[in-house]
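> Dropping a structure here in structure tokens format, bear with me for questions.
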Amino acid sequence: MRWEEGGESENVEDQRRLPVGMALGGAGTVIAVVIALLLGKNPLALLQQAQNQAAPPGVHAPRQESPEEARKVSFVKHVLFQTEQVWSDLFQTQVPRQPTYRKPKLVLFTGKVNSACGLAESAVGPFYCPADQKVYIDLGFYDELKNRFHAGGDFANAYVIAHEVGHHVQNLLGISIESKHRKLPRDTENQLSVRLELQADCLAGVWAHYADQKWHILEAGDAEKAITAAQAIGDDKLQKQGQGYVVPEKFTHGTSKQRAYWFNEGLISGNLKEADRLFSLPYDKL
Ligand SMILES: [Zn+2]
């Protein structure tokens, strides 16, 4: 994948060096200063006090970032930028009722993170929280994708971000389990979840279609790599690895075959209508 084109997004929040719970420190500090101003106290003294309380010296002293890590961060910023550009264009040209795309933030963390959706551990994998409109990712997931699922590579990593951004697009468009339940009352919650996940894969494919048109990001074998990643994290494979057998009614993300299929549909067509089709097909025809 050629990802160096375009630019870096300014919407990446790096929380990798923050102890959990400190992530809101910035806002807390601002509030402390505002309160201090209201009470007529010296805000600087309060600020120092807050910092001393929050950060015992030496606990998270700045550490040196390896070139490999710096590359990963730059990669994430470039891919997020590309999603911002593509989705801003697509909203403007194809979503007349809502022509402005609101860009999500992307939070980098290590180990654990506080989101508006609760405290999350890296083990859950990258996720999107609709309540704060942020994508969360521990860069360690990329090592897991490569080593455990044998699905590494830049474009596979980009697909992961694009999938989470796909959930953001769904959120902006009001596509949720609740909204779709009215249309498909016979679907179980798990079945609706599968449709939403496959749609996020399809939207990731649509992104790749336009990003390739704009910046020629795709190199030989890239599409296959992303499809391998989509297959590797299908429910059937994950269940088999986790418990040794497959329980289709417990699926929430779709099978490996389905994930690869819908990603590819978006990639080849670049058509948002493909994503709509996911909610008009009978469940067993997905
Ligand atoms: Zn998802």
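The values are calculated or read from the model by the stated rules, or taken from the named source; none is laboratory data. Keep in mind it's a predicted model, so treat the numbers as computed, not measured. Cβ sites come from the backbone with ideal geometry, for glycine too, and all protein chains shown count toward neighbours.
> Looking at Ala116, Ala151 in this structure, which one is within 20 Å of Gln15 (Cβ to Cβ) and in the same structural domain as Gln213 (by TED's automatic domain parsing)?
Numbers: Ala151 fails: within 20 Å of Gln15 (Cβ to Cβ).
Ala116 is the lone residue from the list that is within 20 Å of Gln15 (Cβ to Cβ) and in the same structural domain as Gln213 (by TED's automatic domain parsing).
> If I filter segment 193-202 for residues that are outside any helix (DSSP H, G or I), within 16 Å of the ligand (Cβ to nearest atom) and surrounded by fewer than 22 Cβ atoms within 10 Å (Cβ to Cβ), do I get at least one hit?
To start, the set of residues in segment 193-202 that are outside any helix (DSSP H, G or I) comprises none.
No, segment 193-202 contains no residue that is outside any helix (DSSP H, G or I), within 16 Å of the ligand (Cβ to nearest atom) and surrounded by fewer than 22 Cβ atoms within 10 Å (Cβ to Cβ).
> How about segment 70-98: which of its residues are assigned to a loop (DSSP other than H, G, I, E, B) and either within 20 Å of Ala211 (Cβ to Cβ) or not assigned by TED's automatic domain parsing to the domain that holds Asp154 (or both)?
Answer for segment 70-98, where residues must be assigned to a loop (DSSP other than H, G, I, E, B) and either within 20 Å of Ala211 (Cβ to Cβ) or not assigned by TED's automatic domain parsing to the domain that holds Asp154 (or both): just Val95.
> I've got another one for you. Test Asp143 against the stated conditions and say whether it is of a type in the set (D, E, K, R) and over 14 Å from the mean Cα position of the chain (by Cα).
The answer is yes for Asp143.
> If you take just the helices (runs of 4 or more DSSP H) that sit entirely in segment 106-188, which of them hold at least 1 residues that are of a type in the set (Phe, Trp, Tyr), within 12 Å of the ligand (Cβ to nearest atom) and crowded, with 21+ Cβ neighbours inside 10 Å?
Details: elements: 140-147, 154-172, 177-183.
Those helices (runs of 4 or more DSSP H) span 154-172.
> Looking at segment 232-259, which of its residues are within 18 Å of the chain's Cα centre (by Cα), modelled with pLDDT of 80 or more and in a helix (DSSP H, G or I)?
Arg259
> Moving on. Go through (1) at pLDDT 80 or above; (2) buried (at least 20 other Cβ atoms within 10 Å of the Cβ) for Ser269 and report which single condition fails.
Just one mismatch for Ser269, condition (2).
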